[in-house]
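Visitor: Here's a structure for you.
The values are calculated or read from the model by the stated rules, or taken from the named source; none is laboratory data. Everything numeric here is computed off the predicted structure, so don't read it as measured data. Every residue, glycine among them, receives a Cβ derived from its backbone with ideal geometry; neighbour counts consider all protein chains shown. Ligands, DNA and RNA are stripped out before the accessible areas are found, and what is left, the full protein with its side chains, is counted by its heavy atoms. Shrake-Rupley method; radii C 1.70, N 1.55, O 1.52, S 1.80 Å.
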Amino acid sequence: MNHTDTTQPGPDDAAAALRGAEAARNAAERPHPAPVWYPPALGLLCAAGVSGLGIAPSHDAKGLILAGSALCALAFVSVIWIVQRRSGVAPWFPQQADGPAWRRWLTPLLPFVAATIVLFPYGAQGWLVAFGITNGLLIWVSSAQRRSRNLAAAA
């Protein structure tokens, strides 16, 4: 007995706790395919939100465009949260990603490179538009690839 006059957990309680922990670990390790609308939604929301920041300064309705960009950013985060919450498990970075290491490091740099090329002729606004579009496309493609890998692993 401890100081509050309650009994310590017994072997059955410990076994139940271990079974619960094992079930949670198994659920976390099991792939959870995202819905079919998830990759395009993420890509389009990113492209629209970031590109809107580049378009707004040169447009008459800049307040409306900036509000739309803010709504896209909020929707982007909300879509991620909704899909993760529905699966019951927040995914973590994979321990062993597919492909060579140089590809995993260089692929995220593609939007920066494309946007920097556009920076010189079109300035900062062009940079934002190019970055938004290329990053949205990269998010769409990588999310679709991850979804198809998870579907294959779940089958």
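Visitor: Here's a check for you: in the stretch 98-155, which residue that is under 26 Å from Val83 (Cα atoms) and assigned to a loop (DSSP other than H, G, I, E, B) is least open to solvent (accessible area, probe 1.4 Å)?
Guide: Gly99
Visitor: I'd like to verify a number: residues in the stretch 121-138 that are in contact with a Pro (Cβ under 8 Å, 6 or more places away or on another chain) and over 13 Å from Pro111 (Cβ atoms), how many?
Guide: Qualifying residue count for the region: 1.
Visitor: Filter the stretch 4-55 for residues that are among the polar types (S, T, N, Q) and open to solvent by 80 Å² or more (accessible area, probe 1.4 Å); which is modelled with the lowest pLDDT?
Guide: Looking at residues that are among the polar types (S, T, N, Q) and open to solvent by 80 Å² or more (accessible area, probe 1.4 Å), I get Thr4.
Visitor: Residues of the stretch 24-69 being in a helix (DSSP H, G or I), closer than 30 Å to Ala144 by Cβ and without any contact (Cβ under 8 Å) to a residue 12 or more places away in the chain, which ones?
Guide: Correct list: Ala24, Arg25, Asn26, Glu29, Ala67.
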